[in-house]
Amino acid sequence: MELDAAFRIAVFDWLTQLTALRSDYVVTWKELSSFRFRGERATLIGAEGIWKPRQLELPISVATAPPKPGRSAPYDDEVGDGGTLRYMYRGTDPQHPSNVGMRRLCELRKPLVYFYGIEAGRYVAFFPTYITADEPAQLSVTLQVDDASTVEFGMPAVSEGVQARREYVTVAAKRRLHQAGFRARVMRAYRQRCAVCNLAHESLLDAAHIVPDRDPRGVAAVKNGLSLCKIHHAAYDTNILGIDPDHVIHVRGDILDEIDGPMLQHGIKENHGQRLLVVPSRTEQRPSGELLDLRFAEFRRAN
């Protein structure tokens, strides 16, 4: 196997192992700096956005920088609802070496990694990603993500089946990106603590929607989010636990009457009538009273 293909496959295998237990596929800059190929350190991401490691002649990754505070999306890279992504050229010269490198990847149909920044030093990794179209007039290229178990080099033509699969995977990848971004914003606003019990182990915390994202009112904004540990998230989603617009916690009546053990007693029942222990310091990030009221109405109906 040629060095270029071996390098790319090694990167995809390493990222697959790294993210195997992470539903959001988030990797850190520090982790990315630890990759080694054939015993030698190899850099996978760079500040320039389009990154070519010294071991290769063509880029191994493209990256979108994390959004700045107050912005929901960085720069002009486009994450819409369709089965493609758009990535902007480096600068305005189509003949810049970085842009030529992307063009060659498109022509040779070689995959790379797309790192999308959700906050400083943290990226969602999409791989294998293919550059499917070069658009000099728009100073951009079109990207599509494929299934991680299917890595193909130099396909003479992309069949309808492959195209349909890539569109499907890309749409799913975008959904994962929005979820990861929502989680990052909620975790930061709640200082990586459970709003109900103050648990501070981020690996045990979820970014819960107040109004589900399937509802048109369920926006992916911090005001529609709560940082909850996994037990309180499950209790909230199943209407065992409710939170009213005044941030008071309510436990379903039959649960209050149930006798089970210390987890139910201390983990759920003792929260009844208490207020949330953690809320964001910024007023605009605190749980929306309107959304809490909508969700609390559902809790009351369940009772």
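What follows draws every value from the coordinates through simple rules; no lab data is involved. Treat the numbers as computed from the prediction; the structure is a model and nothing was measured. Every residue, glycine among them, receives a Cβ derived from its backbone with ideal geometry; neighbour counts consider all protein chains shown.
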Option label - percent of Cα pairs over 24 Å apart computed here, alternatives (1) 50; (2) 58; (3) 69: (2)
Full-stretch length increase - Ala133, Thr92 - with 0.36 nm per residue and alpha-carbon distance subtracted: 13.0 nm
Label point at His201 placed 7 Å out along Cα→Cβ; residues across the stretch 217-245 whose backbone nitrogen lies under 20 Å: 227-236
Under the span-like rule (Cα at least 15 Å along the axis, Kyte-Doolittle mean at least 0.5), DSSP H helices of the chain: 3-18
Cut-off 10 Å between beta-carbons: net charge of the residues surrounding Arg104, Lys and Arg +1, Asp and Glu -1: -1
Neighbour-count order for Ser33, Ser140, Ser159, fewest beta carbons within 10 angstrom listed first: Ser159, Ser33, Ser140
Average Cα contact separation per residue, the chain, under 8 Å, 6 or more apart, as relative contact order %: 12 percent
Calculated FRET value between Arg275 and His178, using beta carbons and R₀ = 25 Å, to 0.05: 0.25
Summed side-chain charge close to Glu258 - residues other than Glu258 whose Cβ falls under 13 Å, Lys, Arg +1, Asp, Glu -1: -1
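What order do you get for Thr170, Thr238 when you list them from fewest to most C-beta neighbours inside 10 Å?
Working: Thr170 23, Thr238 10.
Least to most surrounded, the residues fall as Thr238, Thr170.
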Overall form of the stretch 79-200 per C-alpha gyration tensor (a/c, 1.5; a/b vs b/c): prolate
Those residues of the stretch 212-241 whose amide nitrogen sits under 16 Å from the label point placed on Arg282, 7 Å along Cα→Cβ: 220-227
Rotationally averaged projected area of the stretch 192-302 (alpha carbon convex hull; nm²): 6.7 nm²
Separation of the Ala297 and Glu152 label points, Cα + 7 Å toward Cβ, nm: 4.9 nm
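Run lengths n ≥ 4 of DSSP H only: what is the helix-derived mean residue ellipticity at 222 nm for the chain, with -39500 (n - 2.57) per run over all residues, to the nearest 500? Provide the component values of the computation, followed by the final result.
Numbers: 7 runs with 89 residues, N = 303.
So the helix-based figure for the chain works out to -9500 deg cm²/dmol.
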